Amino acid sequence: MAKIDPSFYDFLKDRNIDPENPYAYDDMTSKSIFLKYKADVVYRLIYRKRGRRIPHIHYGLPYLIDICDGNPRMLIGLVEEMMIRSEKDVLFRKSIPKNIQSSIVIDASKKQYNLLENHPDSTIVVSGNEFNMATDLISIIGNFMHDKIVQNDFSKTSPSTFIVDDCISLEIIKLIESALYLGAIIYLDPVEALSSKGVTGKRFRLSGFLTPKFKIPNRVYSEIKLSAIMSAHELNKRKSDSHITSDNRQIKINLK
């Protein structure tokens, strides 16, 4: 990874780790660096490329249990689908190739996203415009996390969780409450009961079941305010709109 990602190369060098031979270190270093950031490195290595092949990383019972967040219905659904598509080896034991498992997991994640998008409580009106739980709220969060964890320079503080702060409008807060009820986001605060302020001031992460769709690892690290995520999205949107306007203007000039 260090050979193709200068930011990760610098990350190792800053910790006195030789990027050319990063494995010749004690157990403490292995646990604090290699094991801790292994998932991030794997996702960066795979998803920074723009290949169409399904990566063989979404497999194995421990992984399936992890992304299901304790929901037995989701776990059973995944296992049943895998059993249907499995093959028998020479000893007549059912064998499920990693690529098949990964394909099933990704398809199930996208299906769950589509269900959220089309749920009766998923669309609200904000400032006169429709705002959907999946295509707007969840996608804004998921794409932000993907950029921070996978696409941007490597950082040990890349956020994977968010806090609903006071800058979030009441309309979106209600949608967040619906997302929590539908299992699209997971509540992380140690005190289980929500306060009189509801979800405001509370910490959440995306459902593990949605992480394959957004190509991010299912892990809990640092946090960021939801308003900061929304602001970053609006800024990127304005930049994108500005580029489109500029390109259209250039086309008109060239046609004259």
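The values are calculated or read from the model by the stated rules, or taken from the named source; none is laboratory data. Not measured: the values here are computed from a predicted model. Note that we place each Cβ from the backbone using ideal geometry, even for glycine, and neighbour counts take in every protein chain shown.
If you go through region 38-84 and keep only what is among the aliphatic types (A, V, I, L, M) and not in a helix (DSSP H, G or I), you end up with Ile54, Ile57. The residue that is modelled with the highest pLDDT, counting only those in region 16-37 that are in a loop (DSSP other than H, G, I, E, B) and surrounded by 12 or more Cβ atoms within 10 Å (Cβ to Cβ), is Tyr37. In the set Glu117, Glu87, only one residue is modelled with pLDDT of 90 or more, touching a strand residue (DSSP E or B) at 6+ places or on another chain (Cβ under 9 Å) and not hydrophobic (A, V, I, L, M, F, W, C); that residue is Glu117. A count restricted to region 105-127 and to residues that are in contact with an Asp or Glu (Cβ under 9 Å, 6 or more places away or on another chain) and within 13 Å of Ile67 (Cα to Cα) stands at 1. Could you list, in sequence order, the residues of region 179-226 that are surrounded by 16 or more Cβ atoms within 10 Å (Cβ to Cβ), over 27 Å from His58 (Cα atoms) and modelled with pLDDT under 95? The answer is Val199, Thr200, Lys202.
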